[in-house]
1. Working only within region 58-115, note down all residues that are outside any helix (DSSP H, G or I) and more than 21 Å from ILE130 (Cα to Cα).
2. Cβ contacts < 8 Å: first residue closer than 20 Å to LEU173 by Cβ and of a type in the set (A, V, I, L, M), restricted to region 195-218; second residue at pLDDT below 85 and surrounded by 14 or more Cβ atoms within 10 Å (Cβ to Cβ), any location; separation 6+ or different chain. Result?
3. Quick check on my filter: what residues within region 85-108 are open to solvent by less than 20 Å² (accessible area, probe 1.4 Å) and of a type outside the set (A, V, I, L, M, F, W, C)?
4. Can you pull out every residue in region 135-152 that is at pLDDT below 95 and small (Gly, Ala, Ser)?
5. Determine whether region 61-78 contains at least one residue that is touching a Lys or Arg at 6+ places or on another chain (Cβ under 8 Å) and surrounded by fewer than 18 Cβ atoms within 10 Å (Cβ to Cβ).
6. Kindly indicate whether any position in region 143-164 is out of contact with any Ser or Thr (no Cβ under 7 Å at 6 or more places or on another chain), acidic (Asp, Glu) and within 22 Å of VAL110 (Cα to Cα).
Amino acid sequence: MRIIVFLRVSLLISLFVFTAQSANAEPQSQPEPVQHSDGNILAVVLGQNVTRADAMPNEKEQKEIEEQAKEDYNDMLDYVVRVNASTKIYELILEDYAAKKGIELDQALVTKFVEKFANQVSEKNNSKPIKEIAEKQVMQFQTEKALFDEFGGKVIFRQSNPQMPIDAYKALLNRYRENNQLQIIDSALREAFWDVFTPPFQYEIAPENVNFTQPWWL
């Protein structure tokens, strides 16, 4: 049931969600910096607060969660908040990494994505514009390719990302944490953030099958 709820309340639509949700990063010996907060600030990334309000699903999504979770509503809502907060953290870090690497959006890949998926996206209710989805997917691919080129490591399959360089994410996230640019203040979020992608992985891709020469949709 959690998978169903997650797919219905995530930031984008089904397989096209821009979720760099991937951190194969169990806590190292260096602890998270301790900060005081009123409980609303879940994390601080590059000086920007990620709050519970930022991660809270909208009223429609909350009703959908309540209908499905029933007596487990509060637990499920907390779960979705953690997912959304984690997604925001990944986005902020990946955007910063891409900017530092000077990665520019490949418009040719954007066009190819739109051509392939425009009909499918247009059939879905409340979806974001296909071009916006395409730009996020292309930038995600380009950034993950740069990550893999720099750090290497294991790559896994996930429904939202058929080729995710999870060890590379681990290295990047640890770099930001060690530089105090990633501080997860909320203990529940911190545990979930680092533990979700701890090995062993269910769908690890064999090294000989890893290929970042082109995106998964081509």
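The values are calculated or read from the model by the stated rules, or taken from the named source; none is laboratory data. This is a predicted model, so every value here is computed, not measured. Reconstructed Cβ throughout: ideal geometry from the backbone, glycine too, with neighbour counts over all protein chains shown. SASA here: full protein model, heavy atoms, side chains in, ligands and nucleic acids out. Shrake-Rupley method; radii C 1.70, N 1.55, O 1.52, S 1.80 Å.
1. Taking region 58-115 and keeping what is outside any helix (DSSP H, G or I), we get 58, 102-106.
Across region 58-115, the qualifying residues are ASN58, GLY102, ILE103.
2. VAL196/GLN21; VAL196/ALA23
3. The answer is SER86, THR87, TYR90, TYR97.
4. Correct list: empty.
5. Looking through region 61-78, at least one residue is touching a Lys or Arg at 6+ places or on another chain (Cβ under 8 Å) and surrounded by fewer than 18 Cβ atoms within 10 Å (Cβ to Cβ).
6. yes
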